[in-house]
Amino acid sequence: MCDNGHWWFWVGSGQYGWKSGMPNQRADWTALERMGVEGVPVEQRVFGAGHYLRPSFIQPYACRNVLIEGVTLRRSPMWNIHPVLCRNVTVRGVAVESLGPNGDGCDPDSCQDVVIRDATFATHDDCIAIKSGRDEDGRRVGVPSKNVLVEDCVFTSGGGAVAIGSEMSGGVSDVVARRLRLPYDAALDEASVAWILSVKSTSTRGGYIRDVSVTDVACPAWTYVPFEVTYTYMGGAGGELYPDVSGITVRNWSVGGPCDYAYRIRGAQTAPVRDVRLTNFTFDHAAHAPVVENADVTTRHVTVRGT
């Protein structure tokens, strides 16, 4: 059982029960990042007793023919389902209920041929996050995530319903997400998903994100920015190794709840976002006009605040 008295307070936040004088993950996380930058051999990156890095719950590693089906996961220490370097992965009919810190629902990481179907997510962080390694390690291993299908899933709370990144230095391609529902429940008025599609990276990641399609989305609930592309995730600026982002198709979205921006797509002058296509979008209650910077965006039948 994970809660504010077990595992979660290691994040070092009072929101999860941490108080001054209690142990936390900050020093270990800083050391782990430094090891990656310096190229310390992986077998020497050992954090056991006396350290405070929270593990994922289910983490198949370098496996083939993985099936995770019909289970409910609650209160994971960190990420719930985290396949790494796997082939032919099916996650079907699962429910994830994890409102702890970094409690991602399902994060295929450098995986190929992945299906996530008929799943329900209530998380505090991203519901589904497609990854492929971070910075130097991701580029060194160099195994992309590709051929990922997400369909007929329900998202009641979390960061992104479908996120790509931010750890994507090995590349991500050929992602299809379709028939997604983000329902509004009056009994859970505080529950919501911030992004429907979040493509996020930094100026140190490198890698690529290409050929992503997210279609047929029903969202009567609140969202922060339904569709966003950013190269400055978590303030990650100051480098010059931008990802190559291209070929994103968004079609048939109905967003009836309020949002800040219908979409916000911001590339860099030296690394513009290319070939983004938005078709059949309806945003009834966007507070601000869309933002497009250093990006090639084509819109067709897009309605924002009745215009």
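Since every read-out is calculated from the coordinates, none of them should be taken as a lab result. Because the structure is a prediction, the values reported are computed rather than measured. Here Cβ is always computed from backbone atoms with ideal geometry, including for glycine, and neighbour counts include all displayed protein chains.
General remarks:
- Rg/Rh for the range 132-228 (Cα atoms only, Rh after Kirkwood) is 1.04.
- Neighbour-count order for His82, His51, fewest beta carbons within 10 angstrom listed first: His51, His82
- In the chain, helices alone account for a calculated mean residue ellipticity at 222 nm of -2000 deg cm²/dmol, with every DSSP H run of four or more residues adding -39,500 (n - 2.57).
- Per-residue Cβ neighbour counts within 10 Å put Tyr231, Tyr261 in the sequence Tyr261, Tyr231, beginning with the fewest.
- The chain - percent relative contact order, Cα under 8 Å, separation 6 or more: 10 percent
- Residues Leu73, Leu278, Leu32, Leu197, sorted so that the one with the fewest Cβ neighbours within 10 Å comes first: Leu32, Leu73, Leu278, Leu197
- Integer Hz, Karplus 6.51/-1.76/1.60 couplings in order for the range 257-262, x for Gly and Pro: x, x, 8, 6, 10, 4
- Candidates Gln44, Gln112, Gln25, ranked by Gaussian network fluctuation over the chain, Cα under 10 Å, top entry: Gln44
- Taking Rg/Rh (Cα atoms, Kirkwood Rh) as calculated from this structure, the corresponding entry among [x] 1.01; [y] 0.96; [z] 1.04 is [y].
- With a simple spin-label model that places each label point 7 Å from the Cα along the Cα-to-Cβ direction, the separation between Arg305 and Asn88 comes to 5.2 nm.
- Listed by chain and number, the lysines whose C-alpha is less than 17 Å from the C-alpha of Lys200, apart from same-chain residues fewer than 8 away, are Lys131, Lys146.
- Per residue, the convex hull spanned by the alpha carbons of the range 1-125 comes to 112 Å³.
- Within the listed set Ser254, Ser166, Ser145, the residue fluctuating most in the Gaussian network model of the chain (springs between alpha-carbon atoms under 10 angstrom) is Ser254.
- Note on the chain: GNM, Cα springs under 10 Å; of Glu97, Glu38, Glu167, the largest mean-square fluctuation is that of Glu38.
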